[in-house]
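Colleague: One structure is given below, represented as structure tokens, and several questions about it will come after.
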Amino acid sequence: MQTETKPKVLNRLSRIEGQVRGIARMVEDDRYCVDLLTQLQAVRAALHRVETEVLRDHLDHCVMGAMTGDDPEDRKAKAGELIELLARASR
């Protein structure tokens, strides 16, 4: 992971961790189900944004490095990783 991406991702994950702890407190306090569901949707959206950021970093750094590099096996491996990642995401 690129050095400028890592602190952004860690910061977002820390906020998500706080959100999840808040949801656990909501469950303990018997909060209204719709309020819980709203917070769960917010956490899912936040995780999706983190996933997008990590994928963008991977494409910009790892994949582009392999595609512009001299190692054909590395190019093939990175392409295979992307195909598998996209296949899992579409399930």
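Colleague: Before we move on, is Q2 closer than 30 Å to I83 by Cβ and either assigned to a helix (DSSP H, G or I) or touching a residue at least 60 places away in the same chain (Cβ under 8 Å) (or both)?
Modeller: So Q2 fails the test.
Colleague: If the Cβ limit is 8 Å and pairs must be 6+ apart or interchain, which residue in the range 32-46 that is farther than 10 Å from Q19 by Cβ pairs with which residue that is assigned to a helix (DSSP H, G or I) and of a type in the set (A, V, I, L, M, F, W, C)?
Modeller: Qualifying pairs under 8 Å: D35/M26; L36/I23; L36/M26; L36/V27.
Colleague: Mind checking which residues of the range 9-57 are surrounded by 15 or more Cβ atoms within 10 Å (Cβ to Cβ) and among the basic types (K, R)?
Modeller: The answer is R12, and nothing else.
Colleague: If A77 passes every condition in (1) at pLDDT below 90; (2) touching a helix residue (DSSP H, G or I) at 6+ places or on another chain (Cβ under 8 Å) but one, which one does it miss?
Modeller: (1)
Colleague: Identify the single condition in (1) modelled with pLDDT of 95 or more; (2) exposed (fewer than 12 other Cβ atoms within 10 Å of the Cβ) that T3 does not satisfy, given that it satisfies every other one.
Modeller: Of (1) modelled with pLDDT of 95 or more; (2) exposed (fewer than 12 other Cβ atoms within 10 Å of the Cβ), only one is false for T3: (1).
Colleague: Any residue at all in the range 71-90 that is in a helix (DSSP H, G or I), polar (S, T, N, Q), out of contact with any Gly (no Cβ under 7 Å at 6 or more places or on another chain) and surrounded by fewer than 12 Cβ atoms within 10 Å (Cβ to Cβ)?
Modeller: Checked against the condition, which is being in a helix (DSSP H, G or I), polar (S, T, N, Q), out of contact with any Gly (no Cβ under 7 Å at 6 or more places or on another chain) and surrounded by fewer than 12 Cβ atoms within 10 Å (Cβ to Cβ), the range 71-90 yields no hits at all.
The values are calculated or read from the model by the stated rules, or taken from the named source; none is laboratory data. The model shown is predicted, which means the values in this text are computed figures rather than measured ones. Heads up, the Cβs are rebuilt from the backbone with ideal geometry, glycines too, and the neighbour counts pull from every protein chain shown.
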